[in-house]
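A.B. asks: Let me give you the structure first, and then I'll get to my questions.
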Amino acid sequence: MATAKDTPITNTSMMRFVGKVAVVTAGASGIGAAAAQRLHAEGASVVVGDINSEGIDRLAKEFGDRFLGVRCDVTQEREVHALMGAAIDRFGRIDVACCVTGGGGHGGILETDEVSWRRCFDLTLTSTFFTVKHSARRMIDANRGGSIVTVSSICAQIPQGAGYSSAKAGVEMFTKVAALELGEHAIRVNAVAPGRTATSATEKTDFVVGPAWVNQTPLGRIGSPEEIAAAMAFLASDEAGFISGANLTVDGAFSTSTFSHIYPKLAHRPALAHQIGQPF
Ligand SMILES: NC(=O)c1ccc[n+]([C@@H]2O[C@H](COP(=O)([O-])OP(=O)(O)OC[C@H]3O[C@@H](n4cnc5c(N)ncnc54)[C@H](O)[C@@H]3O)[C@@H](O)[C@H]2O)c1
């Protein structure tokens, strides 16, 4: 089975963030850590907010200078406010914010209780609201514009758990609302929507659902955190200067394959056809 480990090394020879400051929530592991790594490698000073102190310490050793780790629970507004304050105190500005936290809510409607429903929305949608609100305020104060990248999921468009899909759909709409409201301040807001990506969040279920995802993905593998981070860095950079309110799907074409079993040219291909009708 092809895996994300087989993917080509992402080109990091560009230096698009020299002199800039990026705040990344959930930056201590997975997609957030890859985004922090990419932005740092391209010259940014990076501030990571996460509840995982060990992960933050690991990044501090790896990054050396141009790094600040802050223990921050992004479901708490005062902690997100403090995270942005710490970034300003240390580096004097915020140019980029990446709202990466999200998760939970993978059960069906009848099995989901109120606590886990609210937890999923707090972690996925409310945290995005807090991060956009408090990073944008700092960007507006500085009057230099900025770029904000949210993290949705292909599950915003394809049902995958009542809470998770609903909260991610909320992230996509919130991203458009933020782009509309903040454009007058030269702040761009865009989302990436990853397909299945090899992180600690997915490795627990890989042996159950991994092959189904791979078979259903036209590129024949799942993604790597570095590939999601590359898309985030593009949206955060000046190269995407006229892109705002967009949702960039990064899924190896998974979301095109819903009807692959009745697509005439592909119907003979078992890799894309035989999983149809089986649950992920
Ligand atoms: N991995 C995938 O297949 C996939 C696919 C689509 C979307 N996503 C989205 O990408 C994002 C990152 O997922 P991942 O797979 O890298 O997860 P991960 O489990 O590898 O990392 C999650 C990070 O979030 C941190 N975190 C958890 N709760 C927090 C809180 N309250 N405050 C601050 N930090 C907190 C954890 O400590 C950890 O460092 C999520 O929004 C997820 O929904 C992931």
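Matching residues to (1) in a helix (DSSP H, G or I); (2) among the small types (G, A, S); (3) touching a Cys at 6+ places or on another chain (Cβ under 8 Å); (4) surrounded by 14 or more Cβ atoms within 10 Å (Cβ to Cβ):
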position: T202; (1), (2), (3), (4): yes, no, no, yes
position: W213; (1), (2), (3), (4): yes, no, no, yes
position: R221; (1), (2), (3), (4): no, no, no, yes
position: A231; (1), (2), (3), (4): yes, yes, no, yes
position: F234; (1), (2), (3), (4): yes, no, no, yes
position: E239; (1), (2), (3), (4): yes, no, no, no
position: F242; (1), (2), (3), (4): no, no, no, no
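A.B. asks: Tell me, please, whether a residue that is within 11 Å of the ligand (Cβ to nearest atom), buried (at least 20 other Cβ atoms within 10 Å of the Cβ), in contact (Cβ under 8 Å) with a residue 24 or more places away in the chain and within 19 Å of G252 (Cβ to Cβ) can be found in the range 166-185.
C.D. replies: Looking through the range 166-185, at least one residue is within 11 Å of the ligand (Cβ to nearest atom), buried (at least 20 other Cβ atoms within 10 Å of the Cβ), in contact (Cβ under 8 Å) with a residue 24 or more places away in the chain and within 19 Å of G252 (Cβ to Cβ).
A.B. asks: Looking at (1) surrounded by 20 or more Cβ atoms within 10 Å (Cβ to Cβ); (2) not in a helix (DSSP H, G or I); (3) not polar (S, T, N, Q), find the lone condition where R93 falls short.
C.D. replies: The one condition R93 does not meet is (1).
A.B. asks: Hey, among S13, S29, which residue is away from the ligand (no atom under 16 Å from the Cβ) and more than 14 Å from A236 (Cα to Cα)?
C.D. replies: S13
A.B. asks: Separate question: Conditions: (1) out of contact with any helix residue (DSSP H, G or I) (no Cβ under 9 Å at 6 or more places or on another chain); (2) within 16 Å of A231 (Cα to Cα). A60 meets all but one. Number of the miss?
C.D. replies: Unmet for A60, out of (1) out of contact with any helix residue (DSSP H, G or I) (no Cβ under 9 Å at 6 or more places or on another chain); (2) within 16 Å of A231 (Cα to Cα): (2).
A.B. asks: Can you name every residue in the range 26-85 that is of a type in the set (V, I, T) and either closer than 19 Å to T199 by Cβ or assigned to a loop (DSSP other than H, G, I, E, B) (or both)? Please lay out each step first, then the result.
C.D. replies: Keep residues of the range 26-85 that are of a type in the set (V, I, T), which gives 31, 46-48, 51, 56, 70, 74-75, 80.
If the condition is that a residue be of a type in the set (V, I, T) and either closer than 19 Å to T199 by Cβ or assigned to a loop (DSSP other than H, G, I, E, B) (or both), then I31, V46, V48, I51, I56, V74, T75 are the ones that fit.
A.B. asks: Among the candidates R58, R119, R71, R78, single out the residue that is within 21 Å of Y164 (Cβ to Cβ), within 15 Å of the ligand (Cβ to nearest atom) and surrounded by fewer than 19 Cβ atoms within 10 Å (Cβ to Cβ).
C.D. replies: Within the list R58, R119, R71, R78, the selection yields R119.
A.B. asks: Determine the pairs where a residue that is closer than 16 Å to V24 by Cα, located within the range 89-118, has a partner that is in a loop (DSSP other than H, G, I, E, B) and not aromatic (F, W, Y) with Cβ atoms under 6 Å apart, the partner being 6 or more residues away or on another chain.
C.D. replies: That search, which allows pairs on different chains as well, returns D95/K20; V100/A26; T101/A26; T101/V74.
A.B. asks: Taking the residues in the range 96-110 that are in a strand (DSSP E or B) and aliphatic (A, V, I, L, M) as candidates, determine which candidate is nearest to the chain's Cα centre (by Cα).
C.D. replies: Applying the filter and picking the extreme gives A97.
FYI, it's all coordinate maths here, none of it is from the lab. Given the structure is predicted, the values throughout are model-derived calculations rather than measurements. When we count neighbours, we look across all protein chains shown, and the Cβ atoms used for this are built from the backbone with ideal geometry, even at glycine.
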